[in-house]
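Asks: Dropping a structure here in structure tokens format, bear with me for questions.
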Amino acid sequence: MRTLTSLFCVSFFALSLLALAPAAANTNALSEAELMAKAQLFVTEMADEAVSILTTQKTREGREEGFRALLEQRANMRRIARFTLGQFARQISDEDFETYQALLNEMIVKVYANRLGEYSDERVIVGTGQSKKRNFIINSKIEFANGRQPIPIDWWLVREKDGSFSLFDVRVLGVWMAQEQRDSFSSVLKNNKGDIDTLLQHIRQQISGGKSDAVTNG
Amino acid sequence: MFLFRKRFQILPIVLSLTLTACGGAAPNEASQYQDANDPYENFNRKMFTFNMTLDEYALEPVAKGYLYVPEPVRMSVRRFIDNLTSPVTLANDVLQGEWSRAGTTGARLGINTTLGLFGFFDPATSLGFASHDEDFGQTLAVYGVSEGPYLYLPILGPAPPRDLFGTTVDTVFNPVTYILDDGLSGPVLVFAVAGIDSRATNVGIIDEIERSSVDYYASVRSLYRQNRQSEIDNGKTNLDALPDIGDLDDF
């Protein structure tokens, strides 16, 4: 009897999977054009949210809080943290990595809330895109109400294993921000014999608003 | 003589290179993003410090003063210089075989010199001929010449060998070279005005990037190279040149 019950349960489970399979298959079977449209929609929504934060949140704290929530929802911060550490990502302890992750998240929030703080009259026009494997690059430009020259912005999205999209990097006027961070962090680590504590200390200084004089052994 | 180059006019003494118009050279291979290719780093950092000091005590104060000039006037000066030096872009459009872009540059030159009153106005953009820049460093890159080691010079800022050589060649194409008898005063004047204008335009952004960078020198190096690559690719994204991030999910 127990065997029959088990068999019934397994069969039911298997049938359930079969019933769900078409939905999953549909997600995976999206055409390239449909995937690109989804990626473009992701960027449009994300850009609208960012503009909304800039226009509605007038205080620095409010903007930081808005960007914090936006990044948590839209970006894969784990991937960004590993990338920005470069080759050092595999060399540090889990504990140090978690500390680094938390500091990096906070630094990004503060830096971009500040860097974008001067913009409040803009709108983002999402354009075309291109993809390779799981990577999608979506082009857009920021247009300003005051007639200022539009700024090109490219968004690097990664399609996650569950089919959703996440933000990995943003390119402003030809400069990928995460890559710039990685170059900067790698330089600090290289010039300080790979000492992660030195890098963490400099990031803390940035978060607290102080200037960092990172190179000590260069 | 390196002052003649349009890139250095946009991107003068110190770090207008951030979010404006950087120069330099860029890594094409993903792995190179982890390779600073900066064998003269100690020398370069000293020059960087020198330029920072120069910026703090000379360029930035002058640039902030220049901001009192009304924006329409500053814009007209910017356009005049761009138009005056556009033969550099035209020559390099042709050398790269970019005939459509060469046509655009030629049309801009003709329209803005006449209807635009010697370039002080820019009716060409409204007529569908958008501005772009080219220089001989980019031309060399298109023909496969790599940037060489990173080099940072006093006054000029980032100037790796390929682009330094390109700047020299561009002087031949630049009408500013031939304006005055000594061949130097004109370019120096244009360089100075364009540099001050660029620094003034980007004063807030540059301060913010300096403030938020853990290693300003390395940030500038990265910004410079990435932007340069973007210029070489004419703003297009080369997916094959992006770093491989596939292994970031594996640990």
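Asks: Given a 1.4 Å probe and every protein chain left where it sits, what share in percent of the accessible area of the range A:133-217 is carbon and sulfur?
Replies: C and S fraction of accessible area: 48 percent.
Asks: Please sort through the DSSP H helices of chain B and keep those with an alpha-carbon extent of at least 20 Å along the long axis and a Kyte-Doolittle average not below -1.0.
Replies: Within chain B the helices that satisfy the rule are B:99-114, B:185-201.
Asks: Something else: State the Kirkwood hydrodynamic radius of chain B in Å, one decimal place, computed from all pairs of distinct Cα atoms.
Replies: Kirkwood hydrodynamic radius for chain B: 18.8 Å.
Asks: Please report how far the C-alpha centroid of the range A:123-177 lies from that of the range B:178-218, rounded to the nearest whole angstrom.
Replies: Cα centroid to Cα centroid, the span is 28 Å.
Asks: Of the cross-linked pairs A:K161/B:K236; A:K110/A:K133; A:K38/A:K110; A:K58/A:K110, which ones have a Cα-Cα span greater than 22 Å in the structure shown? Working shown, then result.
Replies: Details: A:K161/B:K236 28 Å; A:K110/A:K133 32 Å; A:K38/A:K110 29 Å; A:K58/A:K110 15 Å.
Violating the 22 Å Cα-Cα cut-off are A:K161/B:K236; A:K110/A:K133; A:K38/A:K110.
Asks: Further, regarding this structure: Toward the positive end of the charge dipole of chain B, about the Cα centre and with charges on Cβ (Lys, Arg +1; Asp, Glu -1), which of B:F121, B:S86, B:N44 goes farthest?
Replies: Most positive-ward Cα: B:F121.
Asks: Calculate the dipole size of chain B relative to its Cα centre from +1 charges on Lys and Arg beta carbons and -1 charges on Asp and Glu beta carbons; express the result in debye to the nearest 20.
Replies: In debye, rounded to 20, chain B gives about 880.
Asks: Counting only protein heavy atoms and a 1.4 Å probe, tell me what percentage of the range B:123-184's accessible area is made up of carbon and sulfur.
Replies: Exposed carbon and sulfur together represent 69 percent of the surface.
Asks: How about the range B:228-251: which of its residues lose at least 50 Å² of accessible area in the presence of all protein chains relative to their chain isolated, using a 1.4 Å probe?
Replies: B:T237, B:L239, B:L242, B:P243, B:I245, B:L248, B:D249, B:F251
Asks: Buried accessible area between A and B (1.4 Å probe, both chains summed, ligands and nucleic acids excluded), in Å² to the nearest 100?
Replies: Numbers: alone 13260 and 12490 Å², together 21800 Å².
Interface between A and B: roughly 3900 Å².
Asks: Per residue in the range A:93-116, which ones lose no less than 50 Å² of accessible surface when going from chain alone to all protein chains (1.4 Å probe)?
Replies: Going by heavy-atom accessible area, the residues of the range A:93-116 that drop by at least 50 Å² are A:R115.
Asks: Could you provide, to the nearest whole Å², the per residue accessible area of the range B:123-251 with probe 1.4 Å? Don't jump to the answer; show the numbers that get you there.
Replies: Details: 4810 Å² over 129 residues.
Value returned for the range B:123-251: 37 Å² of accessible area per residue.
The values are calculated or read from the model by the stated rules, or taken from the named source; none is laboratory data. Bear in mind that the values here come from a model prediction, so they are computed numbers and not experimental data. Reconstructed Cβ throughout: ideal geometry from the backbone, glycine too, with neighbour counts over all protein chains shown. When the accessible area is computed, the model is the full protein with side chains, heavy atoms only, and any ligands, DNA or RNA have been set aside. Shrake-Rupley method; radii C 1.70, N 1.55, O 1.52, S 1.80 Å.
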